[in-house]
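The values are calculated or read from the model by the stated rules, or taken from the named source; none is laboratory data. Every value quoted in this text rests on a predicted model; they were computed, and no experiment measured them. Cβ placement follows ideal geometry from the backbone for every residue including glycine, while neighbour counts extend to all protein chains displayed. Ligands, DNA and RNA are excluded from the accessible area calculation, which covers all protein heavy atoms including side chains. Shrake-Rupley method; radii C 1.70, N 1.55, O 1.52, S 1.80 Å.
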Amino acid sequence: AVGYQVKLGFLMSKVAFPLFSRTEDLDALRHLRFRVLQTQSVLLFPLLTTLIVVGPELVTLLYGRRWEGAAFPTQVLAVAGMATIAASAGSSLALAAGKERPLLLFNVIRLAVLTAVVVWSSSFGFRTVAVAIAIHQVVFVGVQFAYLESRHVGIPLRQTWAALVPAAVASAVALSIAYPAVR
C-alpha cells in the first residue's frame, strides 16, 4: 500500500509542475499549492489512517499468519506515506518558482540523512528501519515546509498547516470508524 502512495506521489509531481508553472503570480501559486495539498491529503490520509488501524488484521487476512510480522512495518510506513503525500508536490513547487538551487541543496541533505538513518538503523532490525524511515519522512516534511515552501517560495507555514486541517478531520473520522470496527 505504501508503494502505491509513493507512485501516486511521483504521478502528482508530474501533474503538479505543469500546473504550478502556468500560474501568473506568486499569489496564484500559493493558492494552487494550498488546493493541491488539501485535496490530495484529504483523499489519502483517511485511507492511510484506516490502514494503520486495520493493518494487523488486514495483513493476516490477505497473507496468512506467517506474515503477521509485516503488520507493524506496514503501519509505520503508512505514517511515512502520509508524510510523502504531504511533500509530493514540493519539488514541483520549488521548480516552478525558480528555486532550483535550494531544492538541490534540500534533496542532497535529505538523501545524505536518509542514507545515514538507514545505515545506522539497519543493525537494529527491520522494525527499527521502518520507524527510522517514518521519523525521517515526517521531520523532512517539516523541513520542506519551513525551508523550501516558506522561506524560498513564500508560502506561510500557517497556510500549509491550514491545508492539512481537513485531512486531519477526515482522518479522525476514519479512525473513529475503523478502530471500533476492528476492536
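Things worth noting here:
- Taken over segment 20-47, the criterion of being open to solvent by 40 Å² or more (accessible area, probe 1.4 Å), over 30 Å from residue 177 (Cβ atoms), assigned to a helix (DSSP H, G or I) and without any contact (Cβ under 8 Å) to a residue 40 or more places away in the chain is satisfied by 27, 31, 32.
- When we screen 79, 108 for residues that are in contact with a helix residue (DSSP H, G or I) (Cβ under 8 Å, 6 or more places away or on another chain) and at pLDDT 90 or above, the only hit is 79.
- Residues being open to solvent by 40 Å² or more (accessible area, probe 1.4 Å) and under 18 Å from residue 32 (Cα atoms) - total across segment 127-145: 0
- Residue check for residue 51: within 26 Å of residue 169 (Cα to Cα), surrounded by 20 or more Cβ atoms within 10 Å (Cβ to Cβ), aliphatic (A, V, I, L, M) and touching a residue at least 60 places away in the same chain (Cβ under 8 Å): no
- Candidates 104, 93, filtered to the one that is assigned to a helix (DSSP H, G or I) and either open to solvent by 50 Å² or more (accessible area, probe 1.4 Å) or small (Gly, Ala, Ser) (or both): 104
- If only residues of segment 146-159 that are touching a residue at least 60 places away in the same chain (Cβ under 8 Å) and assigned to a helix (DSSP H, G or I) are counted, the one that is least open to solvent (accessible area, probe 1.4 Å) is 149.
- Output for segment 54-90, where each listed residue is over 18 Å from residue 168 (Cα atoms) and either open to solvent by less than 20 Å² (accessible area, probe 1.4 Å) or in contact with a Cys (Cβ under 8 Å, 6 or more places away or on another chain) (or both): 55, 59, 71, 73, 89, 90
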